[in-house]
Amino acid sequence: MDLYKLYVIENSVLSQHIRPSGYYNLKTIRLKNIVKVIYEEYSSSIDNLKEISVYELRNKLLDIKGIGEETADSILLYALDKPVFVVDSYTKRFLKNHGLYDGKYNYGDIRAFFMDNLQSDTYLFNEFHALIVALCQKYCLKTPKCESCPLKEEKITKKKRFYRKVLGV
């Protein structure tokens, strides 16, 4: 991918390239928003972004129209190798099914839960999130398959099971 080509491409052309992703017109605008910032403010260099602190970069991303917390954290973790935990619907479902989330917490609370209880490590956050996704795709479905869940353990409270199996404490 060439950032300059993304910067100058017409929206109508770009939208046809990303059409299979769904919501392609909206995604085109949002993609162009972030490309514009990288191109104009960071000399078209992803490496220039990597030199900025996580806090400052996250705030900059959140200031870009169309980028919310999950998208900002995904960019930080997966594209820029920054140690942040991504919270998505799988994360919330995992926590809810294991009795650790009742739907009242906001994104920041859930993110802080993981970041405060796991070592700050890009690989660990990436892998941990991937394991949650895999678990949810197989067991923590909208109708959970708790009986066959690999985290199921008799005679231990849900919180203790979470800390023992997942956090290793």
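Listed here are the residues, each with its yes/no results for (1) under 28 Å from Leu26 (Cβ atoms); (2) touching a residue at least 12 places away in the same chain (Cβ under 8 Å).
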{"position": "Glu69", "(1), (2)": "yes, yes"}
{"position": "Asp73", "(1), (2)": "yes, yes"}
{"position": "Arg93", "(1), (2)": "yes, yes"}
{"position": "Gly99", "(1), (2)": "no, yes"}
{"position": "Asn106", "(1), (2)": "yes, no"}
{"position": "Ala130", "(1), (2)": "yes, no"}
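Is there a residue in segment 55-75 that is at pLDDT 95 or above, assigned to a loop (DSSP other than H, G, I, E, B) and under 30 Å from Ser148 (Cβ atoms)?
Checking segment 55-75: not a single residue is at pLDDT 95 or above, assigned to a loop (DSSP other than H, G, I, E, B) and under 30 Å from Ser148 (Cβ atoms).
Only one of Lys152, Lys160, Lys142 is closer than 23 Å to Asp102 by Cβ, over 15 Å from the mean Cα position of the chain (by Cα), part of a helix (DSSP H, G or I) and modelled with pLDDT under 95. Can you tell me which?
Unique residue meeting the criteria: Lys160.
Please determine, by comparing only the residues of segment 116-131 that are assigned to a helix (DSSP H, G or I) and exposed (fewer than 15 other Cβ atoms within 10 Å of the Cβ), which one is nearest to the chain's Cα centre (by Cα).
Ala130
Let me spell it out: the conditions are (1) more than 17 Å from Met115 (Cβ to Cβ); (2) surrounded by 21 or more Cβ atoms within 10 Å (Cβ to Cβ), and Ala79 meets all of them except one. Which number is the exception?
Only one criterion in (1) more than 17 Å from Met115 (Cβ to Cβ); (2) surrounded by 21 or more Cβ atoms within 10 Å (Cβ to Cβ) is unmet by Ala79, namely (2).
Considering segment 92-103 alone, what residues qualify as being crowded, with 20+ Cβ neighbours inside 10 Å and either of a type in the set (A, V, I, L, M, F, W, C) or at pLDDT 95 or above (or both)? Talk me through it step by step, then tell me what you get.
In the first step, residues of segment 92-103 are kept if they are crowded, with 20+ Cβ neighbours inside 10 Å; the result is 94-95, 97-98.
Passing the criteria: Phe94, Leu95.
The values are calculated or read from the model by the stated rules, or taken from the named source; none is laboratory data. None of these values were measured; they are calculated from a predicted model. A quick note on method: Cβ atoms are made from the backbone with ideal geometry, for glycine too, and the neighbour counts reach across all protein chains shown.
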